[in-house]
Amino acid sequence: MKGYRMGWQNWFSLRKKRFDALDQDHEDVVPRLSIGRNRDRQDDKLPKFQGTAGDQIRSTGKRTALDRVRFHMRNAFTPSQPVLSHRMFAGRTEVLKTLIRSIEDQRLHVVLYGDRGIGKTSLLHILAQLARDARYIVRYASCGEETHFSDLMRSIARDIPLLYHADYAPTSSEIENGRSLGDLLPEGTLTVPQISDLFSKVSNTRVLVILDEFDRAHSMAFRRSIAELIKNLSDRSSRLQLVIAGVGANLTELIEHIPSIRRNILGYQVPNMSNGEIEELIHNGEKICGLTFDREAIAFISAVAYGSPYIASLLSQHAGLAAVDREASMVEKRDVADAINHSVDEIRHRVSSLSLFQTGRAKADGHGTNLGLLARLALHYGGRLMPHQADEVIRKPGQGLAYMQKMQQDYGLLEPLADDPAGAYHFKEEGVPVYLWIELAQSHFAGEKSNTKLLDALLDKYAVAQNA
Ligand SMILES: Nc1ncnc2c1ncn2[C@@H]1O[C@H](COP(=O)(O)OP(=O)(O)OP(=O)(O)O)[C@@H](O)[C@H]1O
Ligand SMILES: [Mg+2]
């Protein structure tokens, strides 16, 4: 009996040893597939995601206050995304007032235009929320090359309950069955008159249709249809209004056939932010991440951002992270200098290799500062560069146009703006001005002795601020 029991014990321990050995071999040769949590994994040396997929900070028990600040930085400044919440939305009170007045009092359709990163989408999101608060039906759509008039209009019509059609009584069974204006449309391609007829029947509500990224819809037919729709809706005092947004140095770039609808629209260029608004953007971020930006840091960010919320947001994010890296809770000028260096690397990746090559050549030929200042002008004036402004940059009266032509012919960086009555130029690639300007800022201000006074002195010297 004893021997028998011993036998079993031996058998168990033998098997265990054999399994251990097998496990070991297995580990060496075939990595285990890990699904979900795997606490045995030997990956302590690897960097970890700080938050969970549910946007919660991961609790490891070792989190310091600065870890928490770092975690909240991603929500405090979002340079790669538009602002969606009131909490983070800075300034723009006057812009919103103008938009609301035009939509509400004048019943105009709106065309909003401005450079990349000036804050169009953020503005539209807030405008949409304000309109929803006033019980408008709001439909936001982002256009692309593939956007078709019929598909877009059909989906908008589906968002409007039949309850708001003038010809249907509130008690009718179709309304009770949850039907929409979309159900009244025929199959197949839709024409502008069909859509205008339908939308002119909207009653007892107001509908705001927001078409963002309109410049990405290249189809002439699509743009023409939208222009005709605006004309028809205005003529019939429809309760559906359009807000169109896109990049474009002027309105005609955004909507051809503009003469026929000029009376019916508000064309509005989103202005650069004031320094006060940039400061508000930084203070909003401070409240979310828990860091404080000192006066010099704020002045430095405002000076380099020069009214661009995108640049301000990018620099604030990097500067905040630089402060956390040195375990400080106060963001200082040196952190902003550090941020400029980081931002240049990040922005460089967004420029095509051809433009990088050409700007490299131009800089090697001594045009770096002039191009940086032209870029800054372009950022300030919605991309439009006038010959007399170029005169100021190169400090040679009457020679600005020739200089811009040289930048076009020798380096392919600029080109004349199509149909511009004043003969303005613009940078051929839209990401280039931000890159050139930040790089100029880096070369002048991100060094050890960086000083915003230097920036002011440089700007005064070129008299650019006078026209700002
Ligand atoms: N009013 C604002 N308050 C705070 N941050 C803002 C504001 N407006 C814009 N931003 C920031 O600026 C950046 C650019 O904003 P947004 O995406 O709205 O610009 P855009 O004009 O739509 O750009 P694009 O032409 O590339 O679509 C984002 O990082 C956003 O967070
Ligand atoms: Mg946008």
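Annotations
- Over all orientations, the range 274-347 has a Cα convex hull whose mean projected area works out to 4.1 square nanometres.
- Pairs beyond 29 Å (Cα-Cα), from Lys97/Lys428; Lys231/Lys428; Lys45/Lys333; Lys287/Lys363; Lys97/Lys287: Lys97/Lys428; Lys231/Lys428; Lys45/Lys333; Lys287/Lys363
- Per-pair calculated FRET efficiency, R0 = 22 Å: Gln81 and Leu46 via Cβ, rounded to 0.05: 0.20
- The convex hull built on the alpha-carbon positions of the range 92-269 has an orientation-averaged projected area of 9.9 nm².
- Estimated vicinal HN-Hα couplings, Hz - the range 153-167 in sequence order (Karplus 6.51, -1.76, 1.60; Gly, Pro = x): 5, 5, 5, 5, 4, 5, 7, 9, x, 4, 3, 9, 8, 4, 8
- Karplus (6.51, -1.76, 1.60) ³J(HN,Hα), θ = phi - 60°, over the range 351-363, in Hz, Gly and Pro reported as x: 9, 5, 5, 5, 5, 4, 4, 5, 5, x, 5, 4, 5
- The residues packed around Gly398, meaning those with a beta-carbon under 13 Å from its beta-carbon, carry a net charge of 0 if Lys and Arg are +1 and Asp and Glu are -1.
- Rounded to the nearest Hz, the phi-derived 3J(HN,Hα) couplings of the range 379-386 under the Karplus curve 6.51 cos²θ - 1.76 cosθ + 1.60 (θ = phi - 60°) are 5, 7, 10, x, x, 8, 10, 8, where x marks glycine and proline.
- Burial order of peptide ranges 155-162, 419-426 (average beta-carbon count within 10 Å, highest first): 155-162, 419-426
- Most to least packed among 267-276, 314-323 [average Cβ atoms within 10 Å]: 314-323, 267-276
- Label point distance in nm, Glu415-Ser329, each placed 7 Å from Cα along Cα→Cβ: 5.3
- Projected label distance in nm at Asp151 and Leu266, using a 7 Å step from Cα toward the beta-carbon: 3.2
- Fully extending the segment from Arg361 to Asp167 would add 63.2 nm, taking 0.36 nm per residue of separation and subtracting the current Cα-Cα distance.
- For the range 128-205, the mean projected area of the C-alpha convex hull, equal to one quarter of the hull surface, is 5.9 nm².
- The packing ranking, built from the mean of other Cβ atoms within 10 Å per residue, places the peptides 432-439, 226-233 in the order 432-439, 226-233, highest first.
None of the figures in this text is laboratory data; all of them are computed from the coordinates on show. The structure presented is a predicted model; accordingly, all values stated were derived computationally and were not measured. Ideal geometry is used to build each Cβ from the backbone, glycine not excepted, and the neighbour counts take in all protein chains shown.
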